[in-house]
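Any read-out appearing in this document is the output of simple, stated calculations on the displayed coordinates, not a laboratory observation. Source: prediction; values computed, not measured. Cβ: placed from backbone, ideal geometry, glycine included. Neighbour counts: every protein chain shown.
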Amino acid sequence: MSALVPPLLSRRRFFLWGALALLMIVLPLVFDKGYALSLMCQISIMIIFSLSYNMLLGQTGLLSFGHAAYFGIGAFATIHALNFVGKAAALPVSILPLVGGLAGLLGGVLFGYVSTKRAGTTFAMISLGIGELMASASLMFPVVFGGEAGVSGNRVIGKAVFGVNFGPQIQIYYLIAAWTFLCILAMYALTQTPLGRMANAVRDNPERAQFVGYDPQWVRFMMMILAGFFAGIAGGLSALNYEMVTAESLGGWTSGVVLMMAFVGGIGFFYGPIIGAVLISLLAIAVAGVTKAWLFYFGLFFLTMVLYAPGGIASLLAMHKRLWNAGLLLMVMPAYARVTIPLLLTFAGLVSLVEMAYQQAEVLETPLLVFGASIDVNSLAPWLIALALTAFGLVLLKLSWPRVSEAWRQVLAGINGEVAR
Amino acid sequence: MEFFLISLLNGVTYGLLLFMLSSGLTLIFSMMGVLNFAHASFYMLGAYFAYQVSTYVGFMPALIVAPLLVGGLGMLIERYGLRKAHKFGHVAELLFTFGLSFLIEEVVHLIWGKAPVDYRIPEVLDGTLFTLFSTNFPIYKGFMMMVSVGMLVALYAGLTRTRIGLIIQAALSKPDMVEALGHNVPRIFMLVFGGGVAFAALAGVIGGNAFITEPGMATAVGSIVFVVVVVGGLGSLTGAFLASLLIGVVQTFAIGLNISITDVAALFGIELVASGVVARLTVTQLAPILPYLFMVAILIFRPRGLMGARES
Amino acid sequence: MNVPALQLTDVRKSFGQTVIINGVNLIVPRGERHAIIGPNGAGKSTLFNLASARFPVTSGDITLKGESVTDLKPHQINRLGLSRSFQLTNIFTNLSVFENVRCSVLWSLNYKYSFWRRLAALRDANEQAHRVIDAIGLAHRSDTVAGILSYAEQRALEIGITIAGGADVILLDEPTAGMSKSETGDAVALIRRVTEGKTLIMVEHDMSVVFDLADRISVLVYGEIIATGTPAEIRASAAVQEAYLGTTFAEGSHD
């Protein structure tokens, strides 16, 4: 059976990529407020960053706690290039993210060599150490890293070309969107190459990969370099977007956020990190705007995902899509309906407890408003009510959840039964 | 001379504290294959629990109660959280402990707020133990050394002389066999995890008031503990001991050496152009990144660590 | 002079104080089908692991087609033309059958670490993968994820991965382990087909398979080879019968 070479772009693929491009072009025209544009810029940058992270985790099996190092290196390189070019005007601003990419690539070469000597848990710790190394070192060289204040720049240099000088947010959005589209395309294409596939093989079984002729360390090293390249581009775009880079972009927080995005989105699917980037960015804005305890909720959310949905949102979507395809989606709905009330009760109780605790610990001046109701944290009653609510909700949840498991069991048996026929 | 001795004493104290942390981490890793990312968080909880307990009943009871409380909490976390994540593989376990470290810090925010708490050295231990040349060596530092060494001796004796210790040693390398012999390995795992984090908590109890007790203390010391286990060799208690002391002493010396790199080079007879940015850096300024440089060096020249087992 | 496919000279292996392989000398000529048998714990798998550089030797020399490979890494040995299968199935669990086999041909076709070529456009790689999949009889499972295949299918895939790269010295570690009688028959036919013209070294417990396939047999006992010869010679050897006390050859036993 000879293998026909499939065309580069099947009709379905063309449609999907086209739809994505169209979406990115049209979105700012629909949501044209200033903060919406800024958010879209941030989300696009995070999409590139989290996809680059998943090149390591989802595709090669490398769990890194220090990926921000390459993002930060790219960001600093770009802002310095921007300032340099501002005086000499040699390069157009639109090319500058490539400078960030190259810086990230070099970082990947330098650190990647040392990191990829080991895999698994050791790699994770090494990545943490290198991330901390960069973050600490950044405070030692203020000329490069700008000390506490960071390095700033101005992305409007030279004359405007066809009215475009990247000053207005909408213009920088389209630049970022173009880069994002290209990067998504490139990173996807990479998964369809020998290196990309062997990275998967090394992830699944590094020993076997050796015995088909591949050196796992080299495969990991090369993926590290490429991931650093794309992370550097993301950093460069961030530098252009905010016209400022601080040491925080190298730090543990940035590394943690990108890990969370990729994982929550789903590391087993190429588009998983995209979902994660969008969701976490939106949630961060939404939740942080409403409560000071948003970091706590994030932590809890992340832990819940790890224990109950380690495949991420993409895997949940894929699971339900299977049901949809088999026409069985409705079968799980009644069980879902049953757990909704317990979930809401638990949620309400937990949120009340957390908000009250926060209010008490921080001794804030303004009175606490939980779901619109004003609460006095110093009296006992609200605490007891919240505690009771949470406990009650949890008990009901424990009682009603088995129905969900049971419904899924039946549905899956139905699907597999049909397949076997 | 004075500088040397004082720095040595301080360095050893710090190193012993690091070992209290890294020993628990190594035990948990060797036994369960899980790298407890949240280990330093339990260090922090130890300090906070001790603070809270000491406001009611004083420091000495807190010394016992706080680690026990944290140990109990650790056992619950192992039983209901880690064990579940274990089913999904090593990455899931690591991510669980990572998320845990994050959540614990936020819980501390929730309960005690973001500002440092006033966890003080008890008056009976507050003072000078002896004076070396012109520097006072505090009683409390001596106390810290005493507790650290005491814990280590107890750990060694417990592992090698008691029945449960021998079972733990056996389960360290052959858990299936131990289970086949009728021992409840999941329960042993729970005990080891609880014990490991209790050691970390004890370190927090004695370290929290000597240094500072605030929500950022976990991250500050957390990454250094990982460097210690990488340098010492993953899974080796002796390696962790050597690495802890090494890094503790070197870093303490470095912080006190306010000489520039140019001066150091001059000691070796090398003349550096004094205007370079790197050359002007003092050793003090380099101190924070020294542990990480150590780690990179070990990875290049001896990837298995000082005493780690070679990967076959 | 004919360079042997694989030559082990005074190979020793100890793990700490425990001596597993105690001075093994073995010459396997090109094109021969050679079986290594022996009681449990004799060190057969260890010997394989030494020959394929999974473990380093404590002392001794190993040459592959005349070249010394004693200090090489597994991927280097594989690139020189030696490929092996594993007793415990060792496949890429999350990739499809087709992807598994295609990964095994990529290096031999010189695609190395390239990230600028589209996998789907690699005609020769894809055609070779399909040929191998047909040969191992898994064409109908080509797109199935390897992790959910049945045991026998996984063993067949294991063999497929081993031979796909075109290695001419093949090491098979208990290829029929855990198989039923009919599955074993299929496996033997498969092995005979795919190792046509190549050198095959096999560790086996199933004597019927051994006597069916092997040109020569070596018997490994307590880390030493006590006898090497044709099946008839081995059957007749008193030393071998003594080592296998309680096991009968004549009918060919299934372990």
The range B:35-91: radius of gyration over Cα atoms, expressed as a fraction of 2.2 N^0.38 Å | 1.35
With Rg and the Kirkwood Rh both taken from Cα atoms, where does Rg over Rh land for the range B:65-105?
-> 1.03
FRET efficiency estimate (nearest 0.05) - Cβ-Cβ, residue C:182 to residue A:38, R0 60 angstrom | 0.35
Can you flag which of C:13/C:181; C:44/C:73; A:292/B:87 are past 26 Å Cα-Cα?
-> C:13/C:181; A:292/B:87
Environment charge at residue C:84 (Cβ cut-off 12 Å; Lys +1, Arg +1, Asp -1, Glu -1) = -2
Within chain A, what's the longest stretch lacking GluC sites (Glu not before Pro) that sit in DSSP loops with no more than 13 other Cβ atoms inside 10 Å?
-> A:149-364
Work out from phi, with θ = phi - 60° and the Karplus expression 6.51 cos²θ - 1.76 cosθ + 1.60, the ³J(HN,Hα) of each residue of the range A:309-322, listed in order in whole Hz, and give x for Gly and Pro.
-> 8, x, x, x, 5, 4, 5, 5, 4, 4, 4, 6, 5, 4
What is the spin-label model distance, in nm, from residue B:302 to residue A:218 if the labels are put 7 Å beyond Cα along the C-beta direction?
-> 3.0
Per DSSP, the loop-located chymotrypsin sites (Phe, Trp or Tyr not before Pro) within the range C:57-122 having at most 10 other beta carbons within 10 Å are C:116
Taking Cα atoms, how many degrees apart are the long axis of helix B:290-301 and the longest axis of chain B, rounded to 10 and kept between 0 and 90?
-> 70
Among the DSSP beta bridges whose two residues both lie in the protein assembly as shown, what percent are antiparallel, rounded to the nearest 5?
-> 65
Cα-based Rg/(2.2 N^0.38 Å) for the protein assembly as shown, rounded to two decimals, is 1.04
Quick one: if you stick a label point 7 Å off each Cα along the C-beta vector at residue C:118 and residue C:96, how many nm between them?
-> 1.6
Near residue A:285, within a Cβ-to-Cβ distance under 15 Å, what is the net charge of the other residues, with Lys and Arg +1 and Asp and Glu -1?
-> +2
Taking all pairs of distinct alpha-carbon atoms in the range C:110-237, Kirkwood radius in angstrom = 16.6
Sorted from largest down, give the three principal axis spans of the alpha carbons of the range C:1-152, whole angstrom values.
-> 49, 36, 30
Project the alpha carbons of chain C onto their principal axes and report the range along each, largest first, in whole Å.
-> 58, 40, 39
Each residue of A:298-305 has, on average, a number of other protein chain C-beta atoms within 10 Å of its C-beta equal to 5
Over chain C, relative contact order from alpha-carbon pairs under 8 Å, at least 6 apart, % = 26
Of chain C, which part is the longest with no GluC sites (Glu not before Pro) in a loop (DSSP not H, G, I, E, B) and with at most 15 other C-beta atoms within 10 angstrom?
-> C:1-195
Cα Rg, Dmax (largest Cα-Cα span) when computed across the range B:80-125, Å = 16.4, 50
If eta is 0.692 mPa s and T is 37 °C, what Stokes-Einstein diffusion coefficient results for the range A:29-134, Kirkwood Rh from Cα pairs, in µm²/s?
-> 213
Theoretical gain in end-to-end length, residue A:347 to residue A:20 [0.36 nm per residue, Cα-Cα removed] | 114.2 nm
Directionally averaged projected area (convex hull, Cα atoms, the range A:11-293), nm² | 16.2
Return the long-range amide H neighbours of residue C:33 (sequence gap of 5 or more, or a different chain), with a cut-off of under 5 Å between placed amide H atoms.
-> C:200, C:215, C:216
Efficiency by 1/(1 + (r/R0)^6): what FRET value for residue B:114 and residue A:381, r their Cβ-Cβ distance, R0 = 30 Å, to the nearest 0.05?
-> 0.65
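I need the trypsin sites (Lys or Arg not before Pro) found in the range A:109-188, filtered to DSSP loop residues with at most 10 other beta carbons within 10 Å of theirs.
Working: sites: A:117, A:118, A:155, A:159; in loops: A:117, A:118, A:155, A:159.
Loop-located and lightly packed - A:159.
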Over chain B, what relative contact order in percent results from Cα pairs under 8 Å that are six or more residues apart?
-> 32
Quick one: if the Förster radius is 30 Å, what FRET efficiency do residue B:68 and residue B:149 give, using the C-beta to C-beta distance and rounding to 0.05?
-> 0.90
For chain A, what's the relative contact order in percent, using C-alpha pairs closer than 8 Å and at least 6 residues apart?
-> 22
Partner lysines for residue B:84 [C-alpha distance under 18 Å; skip if fewer than 8 residues away on the same chain] = A:398
Please compute the net charge surrounding residue A:390, taking Lys and Arg as +1 and Asp and Glu as -1 over other residues with Cβ under 13 Å from its Cβ.
-> 0
In degrees, nearest 10, range 0 to 90: what is the angle between the Cα axis of helix B:217-232 and the longest Cα principal axis of chain B?
-> 90
Just how many % of Cα pairs in the range B:2-214 lie over 27 Å apart, if you round to the nearest whole percent?
-> 36
Rounded to the nearest 10 degrees, what's the angle between the helix C:123-135 long axis and the longest principal axis of chain C, both from Cα atoms, 0 to 90?
-> 50
List every residue whose amide H lies under 5 Å from the amide H of residue B:307, counting only residues 5 or more places away in sequence or on a different chain, with H placed 1.01 Å from N in the peptide plane.
-> B:233
Long-range amide H partners of residue C:227 with built H, under 5 Å = C:219
